[in-house]
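For reference, the structure is listed below as structure tokens.
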Amino acid sequence: MSAIKETVQDHGQHHHKDLAHHFDTLEQQHDANTLGMWAFLLTEVLFFGGLFAAYTIYRYKYSAMFEEASNHLDITLGATNTVILILSSLTMALAVRCSQTGNSLWTGRWLLITIAFGLMFLGVKYVEWKHDYHIHLMPGKDWSGKDWWHWQYAKKAKDMEKEAHSKGSAEHSFPDRKDVLADNDPSLGVRGIQESQQARLFFLLYFCMTSLHALHMLVGFVLIGIIAYFAYQGAYSPDYYSPVENIGLYWHFVDIVWIFLFPLLYLLGAHMGH
Amino acid sequence: MATVGLESKTFEKFADVVGHEDDSNYLSHDHSVLSWLFTLDHKRIALLYLVTITLMFLLGGVLAGAIRLELLTPKGDFLTADTYNKAFTAHGIIMLFFFLIPSIPAVLGNFLVPLMIGAKDVAFPRLNLFSYYLYFAGSVIALTALLLGGVDTGWTFYTPFSSTYSNSYVIVMAVGLFVVGFSSILTGLNFIITVHRMRCPGLTWFRLPLFIWGIYATSVVQLLGTPVIAVTLGLLGVERTLGVGIFDPRLGGDPILFQHLFWFYSHPAVYIMILPSLGVTSEVIATFSRKNVFGYHIIAFSSIAIAVFGFIVWAHHMFTTGISPYAAMVFSLLTFSVAIPSGIKVFSWLATMYGGSISFGTPMIYAFGFLGLFTIGGMTGLFLSTLGTDIHLHDTYFIVAHFHYIMVGGAIMGYMAAIHYWWPKMTGRLYSEFWGKLSAGITFIGFNFTFFPQFILGYLGMPRRYYEYPDEFQVLNVFSTAGATILAVGYLMPLVYMPYSFFFGEKANSNPYGGSTLEWTNTTSPPSPHNFEKTPVVTEEPYHYHGKEAAVVSH
């Protein structure tokens, strides 16, 4: 008992308007908030980590079809989006900097510009997804092993034609083209079905990962919007800017996820000459 | 009742703290319902959890009763095969996700973490309340799944049965677990930051009570493990909805991947359940032996070691399901290593008691029960981490007995010890020691009666998850069912005398058991809404009984 001395400092001391009652100093509050966001991002890493683990396993098991399937994604749009997202990280960093220097107006503006870049990203993503949907790459009931097989067939035929052409031979033979092939049709062959399933797995992971990423962006828009509102109200000052810093950390995390997704999903098959 | 001899000077100073009127504590300062439902006070949130998880425990217990009743006879006569599947699935899910995982962290962790580290609240009080409502929402969704017709996959949701073939409400249940998982993550996050950033002056890491070390290690596991099960359940939902193969081999998926992802969380989850109980035991044994904890540092590090080992042993659940023999050997070896920190703890507790002035209060009786049952549970775990014996014992009642010894004998005994130990602090009242000790004794006897026969049943080859069994297993099953009724009595008794004491019990002083940590020495019973009158300053280790005359005179 004697080990515990009471001190004169109690919670009645001068309180800053932004200091919550259970913290002693603004510095303690800032440290707790920031560490809290880092811990949350650690959880997020593990959350995406499950998907990345699944991706790694299947890419190893089905590497050939994953490369094939990857070629169906549009590298130009993916690269554009990468640039857009990196720019949004820049504007977010500027917003954090402005909040630290007490420039409320530009804190709010940079945050809104960040949202604008985010919306551009999702706009491009929408175009991509819509295209994927139209060419039946969406896994699920709409997925067509038949389409996949035909696509493979057409590609192979084209390659053979090209090869024959380069050899200067006018004669070349195509494999028989079957006009009607139902999904899981025995005539598709065991291999055809397996390849269709493996490619479908790639697109499933593609849609899961990119839509989980997009979901995080949507949550980010709401949070950034709220913080931008408070920034315009002048809520942040060099004494108290941890909400802006934390939303910045979150946004940079969302960016970094994409930095991993882009090469894993889009560039995987690029060396195959597409 | 308990009288604590104190140096008079200290006592006078202390009297300022305890001399509150009754209407100024956290329970009584505001009686409105809304003040409870929207409270940001960690102590009130702890009580919200206490009430909710107790209801879930009762529901899980009723389901356990149904299972044991069915197994009373060899024929399936009480439940149909299908209902039996749903009963044991619901029992497992409710007990694990809605009772054991939140039990000590959410109730006692919430109540005690700020008190033990001299803080006014957890780092994020609003997030704390949000976690509770996530838990509540997850519970409602899970109960909805049960009311719609239940789930028949077992709590492990093994694919492809759960993703393709089961005709039960797998997705609803998965959504419930997803939601409750985030409650667990956010609670863990809150405690980690609280321990890092909210400690009072002088409270260094090695002056933290061992309960805090246990909760800290638990929180790390919650933070790192739970998101993996969340995304796994998400993928399970996707496979089930779209019919696309992620885990179903017929569709090009890999069922072993599901098991890896599932156990990557669900094995560490076992340590989410047991680590807090290990922390509780350290506190209770020190207080009731009037001795400094033997090997404080090594106990603290062994909690961290268990949390770390917990993440690298998951595949021992899969020795028989098709992993490579080399992987199995490595995981077997790593699994054995868990025994080292566990053994260190048990021997340190024994050394703590050695030469101490042991008093047999109710929490100590529960802690004794914990010691015996946890040791048996841990030792039988070594049978299962041995590759050869695991082939024989896998999916038999031996496994069922083993993990009940850890989770019921270990985790729940620890939880009961904790509830009894801190009850006077939480409520300001003393429960009946007579009924307390009786319930601890009955629980211990009933538990062994229920689960020890199951070791033998498993060794003899009775498989788990079947609602019928050959006639020669009946005697042991009757033992087990009879034991379960005794166990039920042991668990029901506190549900009577604890609430009774809340209203009619003798008033407790601020430190009825003579504990030496901050929640006992520097707060009233029950504490004031802001915990401490003045921010404490710590100058010593948490356990400092040597050379002190403080002793519990009587109960």
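The values are calculated or read from the model by the stated rules, or taken from the named source; none is laboratory data. Computed from a predicted model, the values in this text were never measured in an experiment. Please note: Cβ atoms are built from the backbone with ideal geometry, for glycine as well, and neighbour counts cover all protein chains shown.
Could you check the stretch B:514-546 and list, in sequence order, the residues that are under 30 Å from B:Ile442 (Cβ atoms) and within 14 Å of chain A (Cβ to nearest Cβ)?
Residues satisfying the conditions are B:Gly514, B:Gly515, B:Thr517, B:Glu519, B:Trp520.
Restricting the search to the stretch B:244-255, which residues are more than 8 Å from every other protein chain (Cβ to nearest Cβ) and surrounded by fewer than 24 Cβ atoms within 10 Å (Cβ to Cβ)?
B:Asp248, B:Pro249, B:Arg250, B:Pro255
Looking at B:Gly188, B:Gly176, B:Gly154, which is the one that is in contact with a Ser or Thr (Cβ under 7 Å, 6 or more places away or on another chain), more than 14 Å from chain A (Cβ to nearest Cβ) and either closer than 29 Å to B:Leu251 by Cα or assigned to a helix (DSSP H, G or I) (or both)?
None of the others qualify; the one that does is B:Gly154.
Given the criteria buried (at least 23 other Cβ atoms within 10 Å of the Cβ), among the hydrophobic types (A, V, I, L, M, F, W, C) and more than 9 Å from every other protein chain (Cβ to nearest Cβ), does B:Val228 qualify?
No, not satisfied.
Anything in the stretch A:99-119 that is surrounded by 18 or more Cβ atoms within 10 Å (Cβ to Cβ), of a type in the set (A, V, I, L, M, F, W, C) and under 15 Å from the mean Cα position of the chain (by Cα)? List them, or say none.
Passing the criteria: only A:Phe117.
Please enumerate the residues belonging to the stretch B:350-367 that are over 10 Å from B:Ser289 (Cα atoms) and touching a residue at least 60 places away in the same chain (Cβ under 8 Å).
B:Gly361, B:Thr362, B:Pro363, B:Ile365, B:Tyr366, B:Ala367
For the stretch B:186-206, name all the residues that are closer than 21 Å to B:Val284 by Cα and surrounded by fewer than 22 Cβ atoms within 10 Å (Cβ to Cβ).
Correct list: B:Trp205, B:Phe206.
Quick test of your reading of the structure: A:Asp24 fulfils all but one of (1) assigned to a helix (DSSP H, G or I); (2) more than 30 Å from A:Gly192 (Cα to Cα); (3) within 10 Å of another protein chain (Cβ to nearest Cβ); (4) free of Cβ contacts under 8 Å to residues at least 60 places away in the same chain. Name the failing condition by number.
Condition (1) is where A:Asp24 drops out.
Quick one: is B:Pro276 farther than 22 Å from B:Ser184 by Cβ and either in contact with a helix residue (DSSP H, G or I) (Cβ under 7 Å, 6 or more places away or on another chain) or modelled with pLDDT under 95 (or both)?
No: the conditions fail for B:Pro276.
Could you count how many residues in the stretch B:305-334 are over 23 Å from B:Pro227 (Cα atoms) and under 24 Å from the mean Cα position of the chain (by Cα)? Let's see the steps before the verdict.
Let us first name the residues in the stretch B:305-334 that are over 23 Å from B:Pro227 (Cα atoms), namely B:319-330, B:332-334.
Narrowing the set further to residues that are under 24 Å from the mean Cα position of the chain (by Cα) leaves B:334.
So the count comes out to 1.
Here are B:Phe258, B:Phe264: which of them is within 9 Å of chain A (Cβ to nearest Cβ) and in contact (Cβ under 8 Å) with a residue 40 or more places away in the chain?
Only one candidate passes the filter, namely B:Phe264.
So which residues in the stretch A:53-76 are of a type in the set (A, V, I, L, M, F, W, C) and within 13 Å of A:Gln198 (Cβ to Cβ)? Give the derivation first.
Initially, the stretch A:53-76 is screened for residues of a type in the set (A, V, I, L, M, F, W, C), giving A:53-54, A:57, A:64-66, A:69, A:73, A:75.
Result: A:Ile57, A:Ala64, A:Met65, A:Phe66, A:Ala69.
The conditions are (1) more than 22 Å from A:Leu268 (Cα to Cα); (2) out of contact with any Gly (no Cβ under 7 Å at 6 or more places or on another chain), and A:Gly118 fails exactly one of them. Which is it?
Of everything listed in (1) more than 22 Å from A:Leu268 (Cα to Cα); (2) out of contact with any Gly (no Cβ under 7 Å at 6 or more places or on another chain), A:Gly118 misses just condition (2).
Only one residue in A:Val83, A:Val96 is over 19 Å from the mean Cα position of the chain (by Cα), away from chain B (no Cβ under 14 Å) and modelled with pLDDT of 95 or more, so which one is that?
Of the residues listed, the single one that is over 19 Å from the mean Cα position of the chain (by Cα), away from chain B (no Cβ under 14 Å) and modelled with pLDDT of 95 or more is A:Val96.
Restricting the stretch B:347-367 to residues that are of a type outside the set (S, T, N, Q) and under 20 Å from B:Met498 (Cβ atoms), which is surrounded by the fewest Cβ atoms within 10 Å (Cβ to Cβ)?
The selected residue is B:Phe360.
Name, by its number, the condition in (1) buried (at least 18 other Cβ atoms within 10 Å of the Cβ); (2) more than 24 Å from A:Ile57 (Cα to Cα); (3) touching a Pro at 6+ places or on another chain (Cβ under 9 Å); (4) not small (Gly, Ala, Ser) that does not hold for A:Leu204.
That leaves (2) as the condition not met.
Please go through (1) under 30 Å from B:Pro201 (Cα atoms); (2) part of a helix (DSSP H, G or I) for B:Leu58 and return the number of the only condition it doesn't satisfy.
(1)
Name the residues in the stretch B:111-145 that are more than 23 Å from B:Ala174 (Cα to Cα) and more than 14 Å from chain A (Cβ to nearest Cβ), would you?
B:Phe111, B:Leu112
If the Cβ limit is 6 Å and pairs must be 6+ apart or interchain, which residue in the stretch B:232-243 that is more than 9 Å from chain A (Cβ to nearest Cβ) and on the phi < 0 side of the Ramachandran plot pairs with which residue that is surrounded by 19 or more Cβ atoms within 10 Å (Cβ to Cβ) and polar (S, T, N, Q)?
Hits for this filter: B:Leu236/B:Ser163; B:Arg240/B:Ser163.
Name the residues in the stretch B:69-84 that are small (Gly, Ala, Ser) and in a helix (DSSP H, G or I), would you?
Correct list: B:Ala81 only.
Which one is surrounded by the fewest Cβ atoms within 10 Å (Cβ to Cβ), of the residues in the stretch B:517-538 that are in contact with a helix residue (DSSP H, G or I) (Cβ under 9 Å, 6 or more places away or on another chain) and in a strand (DSSP E or B)?
Looking at residues that are in contact with a helix residue (DSSP H, G or I) (Cβ under 9 Å, 6 or more places away or on another chain) and in a strand (DSSP E or B), I get B:Ser528.
Checking the structure you have, find out if any residue of the stretch B:158-174 is modelled with pLDDT under 95 and over 28 Å from B:Leu59 (Cβ atoms).
Yes, some residue in the stretch B:158-174 is modelled with pLDDT under 95 and over 28 Å from B:Leu59 (Cβ atoms).
Considering only residues that are away from chain B (no Cβ under 11 Å) and touching a Phe, Trp or Tyr at 6+ places or on another chain (Cβ under 6 Å), look in the stretch A:37-79 and name the one that is surrounded by the fewest Cβ atoms within 10 Å (Cβ to Cβ).
A:Ile75
Has the stretch A:174-184 got at least one residue that is part of a helix (DSSP H, G or I), surrounded by 20 or more Cβ atoms within 10 Å (Cβ to Cβ), modelled with pLDDT under 70 and among the hydrophobic types (A, V, I, L, M, F, W, C)? I'd like the intermediate steps shown before the answer.
Applying the first criterion (part of a helix (DSSP H, G or I)) to the stretch A:174-184 yields none.
No, the stretch A:174-184 contains no residue that is part of a helix (DSSP H, G or I), surrounded by 20 or more Cβ atoms within 10 Å (Cβ to Cβ), modelled with pLDDT under 70 and among the hydrophobic types (A, V, I, L, M, F, W, C).
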